[in-house]
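Below is one structure, written out as structure tokens, with a few remarks after it.
The values are calculated or read from the model by the stated rules, or taken from the named source; none is laboratory data. These figures come from a predicted structure and were not determined experimentally. Here Cβ is always computed from backbone atoms with ideal geometry, including for glycine, and neighbour counts include all displayed protein chains.
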Amino acid sequence: MSQQELYEKTVELIDAANSEDPNIENDNGQEVAKELLYGLRMSDMIERYAPEADAVQKISVRAQHIQRWKSPRSDYSMDRKGYHQWRTNLYKFHANTTAELMQQAGYDNDSIERVKLAIGKKNVKSNPDTQMLEDVAALVFIEHYMLDFATKHPEYEEAKWIDIIRKTWRKMSERGQQFALNNGVQLPEPLIPLIQKSVS
């Protein structure tokens, strides 16, 4: 099997897994499984942001939220400790689930380990695969999810929003930040003044 066939088979398996999501979102009038839509948006963004990215980086991006609904936040205590436990276990779950699908497709161990490190959020600033994933995830959040998040939390004051935007900003490399500022993503119009204030 060629490298391209390996990649396509793995993406097919990831999408099949995410198509099982019982949570549905509307995308331009079409109903789509939530995590399938997220994976498609992540892939679209990496093609725009880093068209030179290799297959391993593209798989990491596509699978970042694989079957996320199987590990709900409500399974953990609703405090800071519970939140961190949930996130830590979630990263492992996503990494291991993707590794199993890559093995099923026939990928080599080195490629699988690279994906596990990236999805497991290991060595963000020193591992280019992990940083690529963080950049793409932040850009997708800004373009597709930030405004919806704001709508769901009207109680958040300006200072809280500035903190959220700055935390998102700090996760990105300088390349990612410049991409966002130079029309690489469609900024949510109502939040543009706040975004500009946060990153100035």
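For beta carbons closer than 6 Å, sequence separation of 6+ or different chains, a first residue in the stretch 158-169 that is assigned by TED's automatic domain parsing to the domain that holds residue 190 and over 14 Å from residue 141 (Cα atoms) and a second that is among the polar types (S, T, N, Q) and surrounded by 13 or more Cβ atoms within 10 Å (Cβ to Cβ), the qualifying pairs are 162/198. Note on the stretch 157-178: residues that are over 22 Å from residue 123 (Cβ atoms) and either within 17 Å of the chain's Cα centre (by Cα) or surrounded by 14 or more Cβ atoms within 10 Å (Cβ to Cβ) (or both) total 4. Which residue pairs have Cβ atoms closer than 7 Å, lie 6 or more positions apart in sequence or on different chains, and pair a first residue in the stretch 138-154 that is assigned by TED's automatic domain parsing to the domain that holds residue 169 with a second residue that is surrounded by fewer than 16 Cβ atoms within 10 Å (Cβ to Cβ) and outside any helix (DSSP H, G or I)? Taking only residues 6 or more apart or on different chains, the pairs are 143/186. When the residues of the stretch 44-61 are filtered to those that are surrounded by 20 or more Cβ atoms within 10 Å (Cβ to Cβ) and within 18 Å of residue 176 (Cα to Cα), which remaining residue is nearest to the chain's Cα centre (by Cα)? My answer is 61.
For the stretch 12-24, a residue qualifies if it is touching a helix residue (DSSP H, G or I) at 6+ places or on another chain (Cβ under 8 Å) and either hydrophobic (A, V, I, L, M, F, W, C) or buried (at least 16 other Cβ atoms within 10 Å of the Cβ) (or both), and the qualifying residues are 13, 14, 15, 17, 18, 21, 24.
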